[in-house]
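Below is one structure, written out as structure tokens; the observations come after it.
The values are calculated or read from the model by the stated rules, or taken from the named source; none is laboratory data. Note that the structure is a prediction, hence the values are computed from the model and not measured. A quick note on method: Cβ atoms are made from the backbone with ideal geometry, for glycine too, and the neighbour counts reach across all protein chains shown.
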Amino acid sequence: MNTSRIALIGYGRMGKEVEKMAIKRGHTIACVIDNEADWAQKASLLNNADVAIDFSLPQTAVSNIRRCFAASLPLVEGTTGWNKDLETVISECNAAKKTLFYAPNFSLGMNIMFLLNKQLAGLLNRTNYRVSLTESHHIHKLDAPSGTAVQLLNQLIAGIERYSGWDFEGKQGDDQVPVSVIREGEVHGIHEVVADSAEDIISIRHEAKGRQGLALGAVMAAEFLVGKKGVFTMDDLMEALLRD
């Protein structure tokens, strides 16, 4: 594994966890940019980096992405809650031949759950099971439901024909997947999909023990980007891991 000089964008809880994981895996930190004042003072330091990892805020994510594009710096975008701009950003990335890696969740374990959830949805399509989703996070989590939950919901909707969307529990119709969102304490992230029938219950559940799993996935994504152009997701990284 080649070592890289990593620019950290966002230096909250996740940024600090990514820093520790990057150093543990032999990388160095080229710079840390946490706010607009840092951008004004340190933007030129991006030239010293091989790749950037952004865990900042939904309202600054797109701006950070474009700044990295302008610097021709490959970016791992870990921030969620900016999906409304995703298609535009992907188009800009491809048109300018830049490099972007984005994902709703960088945990390897969570991405295994994505694979299982996709299979479950296909198996449930012609059955009478009713599915629902519950997600829990710490009180600091800004988006609700989480980006991870939205990914799980989209898989269920795509795989089960009778569902056309999702809605919060108590408001949905029969064609909507019910979602429960819990924000309490310092919960690192729990996502559970439940399929309920008159005969039995099937559930798949992922619980993060901390932020280390997300940090590891983000740093591995940065390692994966070396020498690449285009738009990538955890599907690409998981495929590469299975291939290797």
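Only one of the numbered conditions (1) surrounded by 14 or more Cβ atoms within 10 Å (Cβ to Cβ); (2) assigned to a loop (DSSP other than H, G, I, E, B); (3) of a type in the set (Gly, Ala, Ser) is violated by GLY185, and that is (1). From the list ILE202, ILE190, the lone residue that is of a type in the set (Val, Ile, Thr), within 17 Å of the chain's Cα centre (by Cα) and surrounded by fewer than 19 Cβ atoms within 10 Å (Cβ to Cβ) is ILE190. In the set LEU100, LEU133, only one residue is touching a residue at least 60 places away in the same chain (Cβ under 8 Å) and not assigned by TED's automatic domain parsing to the domain that holds ASP85; that residue is LEU133. Return yes or no: is ASN117 buried (at least 19 other Cβ atoms within 10 Å of the Cβ), in the same structural domain as ASN154 (by TED's automatic domain parsing) and in a helix (DSSP H, G or I)? When the stated conditions are applied, ASN117 passes them. Exactly one residue out of ALA61, ALA71 is over 30 Å from VAL194 (Cβ atoms), small (Gly, Ala, Ser) and out of contact with any Leu (no Cβ under 8 Å at 6 or more places or on another chain), and it is ALA61. Annotation note: Cβ proximity below 8 Å between a residue of the stretch 232-243 that is at pLDDT 90 or above and a residue that is of a type in the set (Val, Ile, Thr) (sequence gap 6+ or interchain) occurs for PHE232/THR99.
Restricting attention to the stretch 42-97, the residues that are in a helix (DSSP H, G or I) and not aromatic (Phe, Trp, Tyr) add up to 33. Residues in the stretch 205-229 that are over 24 Å from LEU242 (Cβ atoms) and buried (at least 18 other Cβ atoms within 10 Å of the Cβ): ARG211 alone. Out of GLU169, GLU184, GLU135, GLU161, one residue alone is among the acidic types (Asp, Glu) and under 17 Å from the mean Cα position of the chain (by Cα). It is GLU135. Within the stretch 179-209, the set of residues being farther than 18 Å from LEU120 by Cα, touching a residue at least 40 places away in the same chain (Cβ under 8 Å) and of a type outside the set (A, V, I, L, M) comprises SER180, ARG183, GLU184, GLY185, GLU186, HIS188, GLY189. Could you list all residues from the stretch 120-149 that are at pLDDT 90 or above and assigned to a helix (DSSP H, G or I)? Those that are at pLDDT 90 or above and assigned to a helix (DSSP H, G or I): LEU120, ALA121, GLY122, LEU123, LEU124, ALA149. Among all positions in the stretch 142-156, there is at least one residue which is buried (at least 17 other Cβ atoms within 10 Å of the Cβ), touching a Gly at 6+ places or on another chain (Cβ under 9 Å) and among the acidic types (Asp, Glu). Evaluation of ASP236 against the conditions (1) crowded, with 17+ Cβ neighbours inside 10 Å; (2) outside the structural domain of GLU87 (by TED's automatic domain parsing) shows that the sole unmet condition is (2).
Yes or no: the stretch 196-214 includes at least one residue that is aliphatic (A, V, I, L, M), part of a strand (DSSP E or B), modelled with pLDDT under 95 and within 24 Å of GLU77 (Cβ to Cβ).
No, there is no match, as no residue in the stretch 196-214 is aliphatic (A, V, I, L, M), part of a strand (DSSP E or B), modelled with pLDDT under 95 and within 24 Å of GLU77 (Cβ to Cβ).
Put simply, of SER63, SER56 the only residue that is in the same structural domain as LYS42 (by TED's automatic domain parsing), closer than 23 Å to ASP38 by Cα, surrounded by 17 or more Cβ atoms within 10 Å (Cβ to Cβ) and of a type in the set (S, T, N, Q) is SER56.
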